[in-house]
Each structure stands twice: as C-alpha cells, then as structure tokens.
Amino acid sequence: MNDADRMVLSLLCEDLHGLRQVCHQQGQLQQNLLRRIEAEALRRRPVATLLAELVGSPPEDLVAARRGLAAGLSGFSQGKADDEVFVCPDAACDRQVRVAPAGAPPRCLLANTFMRRL
C-alpha cells in the first residue's frame, strides 16, 4: 500500500460512521458499494476508485482535498466555500477546516486558540 492509499484508508476510517449513516439514507445501491469498499479495505486493497465512485469525485481529489468523504454525498452537509479555509495557528500540524462563508473561525482544539485563515 503506497502513501496515497494509506491516506485514503485514513479518510475512510475517519468518516466511516458518517458514510454509513448517509448511505443508509441514500439507498441500497450506496449501501452495497460501501460494504464492498469496507471489504476491500479490510483486505488492505486500494479503495480510492470505489470511494470516488461513492462520493462523486475523481480519486485524486480524495487525497488532495482531505475533506470528509461523506460530504460528497447529497444530503450529508451544506456546501462550503473554497476560500474559507483555516489552518493550524502555528503550523504545527496539517489540519485544515472549511467553514461556511463569513462563518466564525474555528478553534484549535489542542491550543484552544483561533485557527489561521489560509
């Protein structure tokens, strides 16, 4: 498994609960695809192409965007502005948070300070 595959697997693990909820609401086709993705992931096979099919994004965007996977499914969340991205206040980590336009800036959970606009 290469670094990109590991990143996609990490995203899947982080968002699996949300993906399961949304796929349950979306119907049998999405549920079956998610079950297939989970089975492949358990076998440690690459799942980027299948996840991309599920969320409607090109596979390379899954890693590049580092956004929640379930956000790509209709009905999961509201759209987020691309220009409202916040990052770690002192660049100690790679965390990025997208917020609604003109929304309140998020806080760093560790330092309890406002995150910096990218």
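The values are calculated or read from the model by the stated rules, or taken from the named source; none is laboratory data. Here the structure is a predicted model, which means the values were calculated and not measured. All Cβ positions, even for glycine, are placed from backbone atoms using ideal geometry, and neighbour counts span all protein chains on display.
Which residues, taken from the range 53-65, are surrounded by 13 or more Cβ atoms within 10 Å (Cβ to Cβ) and assigned to a helix (DSSP H, G or I)? Break it down stepwise before answering.
Going through the range 53-65, the residues surrounded by 13 or more Cβ atoms within 10 Å (Cβ to Cβ) turn out to be 53-55, 57, 59, 61-63, 65.
Passing the criteria: E53, L54, V55, P59, D61, L62, V63, A65.
Output the number of residues of the range 15-28 satisfying the condition of being in contact with a helix residue (DSSP H, G or I) (Cβ under 9 Å, 6 or more places away or on another chain), more than 22 Å from D5 (Cβ to Cβ) and surrounded by fewer than 17 Cβ atoms within 10 Å (Cβ to Cβ).
Residues in the range 15-28 being in contact with a helix residue (DSSP H, G or I) (Cβ under 9 Å, 6 or more places away or on another chain), more than 22 Å from D5 (Cβ to Cβ) and surrounded by fewer than 17 Cβ atoms within 10 Å (Cβ to Cβ): 2 in total.
Select from the range 101-112 the residues that are loosely packed, with under 12 Cβ neighbours inside 10 Å and out of contact with any Cys (no Cβ under 9 Å at 6 or more places or on another chain) and list them in ascending order.
Residues of the range 101-112 that are loosely packed, with under 12 Cβ neighbours inside 10 Å, as a first pass: 101-102, 104, 109-110, 112.
Matches in the range 101-112: P101, A102, A104, L109, N112.
Six or more apart or on different chains, Cβ under 8 Å: which pairs go from a residue in the range 1-13 that's surrounded by fewer than 13 Cβ atoms within 10 Å (Cβ to Cβ) to one that's among the basic types (K, R)? Could you list them?
From residues that are surrounded by fewer than 13 Cβ atoms within 10 Å (Cβ to Cβ), the pairs are M1/R44.
Each row is one residue, and each column tells you yes or no for (1) modelled with pLDDT under 90; (2) charged (D, E, K, R); (3) part of a loop (DSSP other than H, G, I, E, B).
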| site | (1), (2), (3) |
| --- | --- |
| R36 | no, yes, no |
| L51 | no, no, no |
| R67 | yes, yes, yes |
| S77 | yes, no, yes |
| D94 | yes, yes, yes |
| P105 | yes, no, yes |
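Please pick out the residue among P101, P46 that is part of a loop (DSSP other than H, G, I, E, B), under 17 Å from R6 (Cβ atoms) and at pLDDT 70 or above. Before you say what the answer is, go through the steps one by one.
Values: P101 fails: under 17 Å from R6 (Cβ atoms).
P46 is the lone residue from the list that is part of a loop (DSSP other than H, G, I, E, B), under 17 Å from R6 (Cβ atoms) and at pLDDT 70 or above.
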